[in-house]
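Coordinate-derived values only; no laboratory data. Keep in mind it's a predicted model, so treat the numbers as computed, not measured. Because the Cβ atoms are built from the backbone with ideal geometry, glycine has one as well, and the counts that use them run over all protein chains shown.
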Amino acid sequence: MTFVFYLLGFVAIVSSICVVSFKNPIHSALGLVAALFSTAGIYILLNAEFIAVLEVIIYAGAIMVLFLFVLMCLNIRELKMMPQFNILRPIAIVVGAFLLVYIVIIIIQSNFGNFTGVYNEAKIIELGGNAKALGQVLYSRFLLPFEIISILLLVAMIGAITLMKEGLRGK
Amino acid sequence: MIEKLQFGMSDFVALLPEIILCVFALLITVYDFMSKRTNKALISYMSQVAFFVTLIATFTLIGNNYTAYSGMFVIDTFAIFIKVVILLVAMISVAASHRFITDEGYESGEYYILIMFSVLGMMIMASATDLISVFVGLELMAIPCYFLTGFFKKQNRSIEGALKYFLMGAFSSAVLAYGISFVYGVTGTTNLHKIAEFFATQGVDINNPALYLVLTLFVAGFGFKIAAVPFHMWCPDVYEGAPTPITAFMSTAVKAASFAAFLRVYATALPALHINWAPTLAVLAALTMTIGNIVALTQSSFKRMLAYSSIAHAGYILIGLVALKVSDGVASVLFYLIAYAFANMGPFIIIILLRTKNSSGEMLTDLHGLGKRAPLLAGIMLIFMFSLTGLPPTGGFPGKYYLFYAAVQSNYVWLTVVACINTAISAFYYFKVGMYMYMHEPRNTEELEKPSTPVLTALYICVGMTLLIGIMPHRFFEAAKQSIMLLTS
């Protein structure tokens, strides 16, 4: 189990680095698919099969297909680095490396509480599976955030349409 | 045992203002879609009605004090106070946008709808007592703002501002979410009261570095929203690129809501860690004030100068967070938020009124000789500049007084000294505006358009409130004090 976790984690990190460093956006997108799949694998290790399936269907499936469609429609071969980002690059690398070391040291030294929530394994089996348990939490304890997110998605849609449609005086 | 949906009348009542606003926003969305172009001017008035009804619903909830939705949402006087401020600011912004969008050649329907949804997110933030609801409220506030910033999609700077805001905003939200995950890892809950309970019963383990990481990530996440140095880089470009009424809206309402969430998280969940985070926030406050004010001195665009001045004001308000433990610390933040909201919206409305055929009204040179071109506007502008500097008889003076007094009480004398020096620096550029208006000859002699009634009303409300708060600050301060009684208990 531990070995599988480290393997998946390694794949996720390497493919994430690929996403940001590849010049061809299609390659980046494929790197993202690999990263999402390995994250889904980690969810399975955590006994969260339902979330793993969602991750694969929604992110690695639907959203990635959209990405690839857009990339192919625009026919972008290679992205050039913008000059204003080049100036900041050394500073960004130093700050990013510092933050990485800081966070890693802190995570290694911290002690996190060993909490078991209401939904332990026995409970989930009793309820009849992950999906049901998740649904129950979403529609009871997390009802309000759940509803707000539905409005959030609507707003994102309205906003996207606003950005795309033409103004009063046409072109 | 199955977790049951707990939804009763009290939950419904607690969320009533938000539900009303949401229903109005959805109906207006449908109306916008169905109506003809000529009828769309009505949407501005419809959104005013929506805000007004929501405001009344918010007022009727005064006196209630309970949590709803399994501890996700609270209705208390603090939330009501912030919501009233946000709704007033939204109404003023909508009034100030009258004809602004269509004059620039854009359809205005979605503009008002996005403002309404953004306000909905702010209201949820003001009431959120769980890190999850804080986070979704924050996103619902921020996402419409990204679109509104880029609303003038044929102007490069509007698009540039929107893109910067969106990228940096998404990044800062991720930082905040990462911080929330560590809070959950340490305490096993995201509910603010339960987090405080955890620290009260288990004690604060100062050897647990995860707590420092939480504080770092929270300061970065919230610091971005309130544009505190060093998380302020996006602010000038976004405020300059956005449509002017949206700049006014973002520099006041977004700040008020973000400070409300910031305050509630720190005052309710993390007071036990006050020793650890107060010095960091004090340094951040000093940096924010100083850099904001010094860079504002060098600007040639008035809109950009106001952006830096709003960064500096976020620094002043942070003093109140540092002085959280003092009895009037939080009240002074609330007081400053209202005083600042009206005084800061005013100059933006004047920028809107200064638009002519050949100039955007945004440069400092557009103010040259305003005392001769439009004596009334110049006089009003002077009042706003007095208030932003912190001079009597305007709201800025008692606002600064209460904040600085709270800092002295909590033994942050050095911070008060820095803040006083900063007030002196800020006087330079605020008075520069007065000098340009009265001691220079007009460069642009074009006749100003006759201002429309809604915009003028918005301006008069701003100036009226600025003077009213300055003349009788006690009333407002008492209201602020009463509204925080139950925040930390």
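At-a-glance table
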quantity	calculated
Residue with peak Gaussian network fluctuation, chain A [Cα springs, cutoff 10 Å], from A:68, A:154, A:36	A:154
Helix B:77-96 vs. chain B, principal-axis angle (Cα, 0 to 90°, nearest 10)	20 degrees
The stretch B:380-452 and the stretch B:37-89: distance between their alpha carbon centers, rounded to Å	30 Å
Cα-based Rg of chain B normalised by 2.2 N^0.38 Å, two decimals	0.94
Cα gyration tensor shape of chain A, rounded if a/c is under 1.5, else prolate or oblate by comparing a/b with b/c	oblate
Magnitude of the charge dipole, chain B, Cβ model with Lys/Arg +1 and Asp/Glu -1, debye to 20	700 debye
Zone of residue B:359's modelled label, taken as backbone nitrogen in the stretch B:434-462 under 18 Å from a point 7 Å along Cα→Cβ	B:434-451
P(r) histogram, all alpha-carbon pairs of the protein assembly as shown included - 20 Å bins from 0, percent	17, 52, 28, 2, 0
Two-site FRET efficiency, residue A:54 against residue B:275, from Cβ-Cβ distance with R₀ of 56 Å, rounded to 0.05	0.85
Most fluctuating residue given options A:66, A:32, A:45, as computed from a GNM of chain A linking Cα atoms under 10 Å	A:66
Within the stretch B:167-211, backbone nitrogen closer than 20 Å to the virtual label 7 Å beyond the Cα of residue A:87 toward Cβ	B:167-168
Other protein chain Cβ atoms within 10 Å, averaged over every residue that makes up A:153-165	6
Using alpha-carbon coordinates, inclination of helix B:396-409 to the longest axis of chain B, degrees	30 degrees
Among B:220, B:473, B:321 the positive-end extreme of the charge dipole of chain B (Cβ point charges)	B:473
Virtual spin-label span in nm between residue B:27 and residue B:294, 7 Å along Cα→Cβ	5.4 nm
Estimated dipole of the stretch B:278-489 in Debye, rounded to 20 [Cβ of Lys and Arg +1, of Asp and Glu -1, Cα centre]	40 debye
Distance (nanometres) between label positions extended 7 Å along Cα→Cβ at residue B:474 and residue B:48	3.5 nm
Radius ratio Rg over Rh of the stretch B:278-489, counting only Cα atoms, Kirkwood formula for Rh	1.01
Signed unit charges on C-beta, dipole axis of chain B, positive-most listed residue B:358, B:73, B:245	B:358
Dimensions (Å) - the stretch A:1-75, Cα atoms, principal axes, largest first	42, 24, 10
Cα-based shape type of the stretch B:20-178, given that a ≥ b ≥ c are square roots of the gyration tensor eigenvalues and the cut on a/c is 1.5	oblate
Cα long-axis angle, helix B:109-127 against chain B (0 to 90 degrees, to the nearest 10)	30 degrees
Linear extension gain, residue A:63 paired with residue A:17, 0.36 nm per residue minus alpha-carbon span	14.6 nm
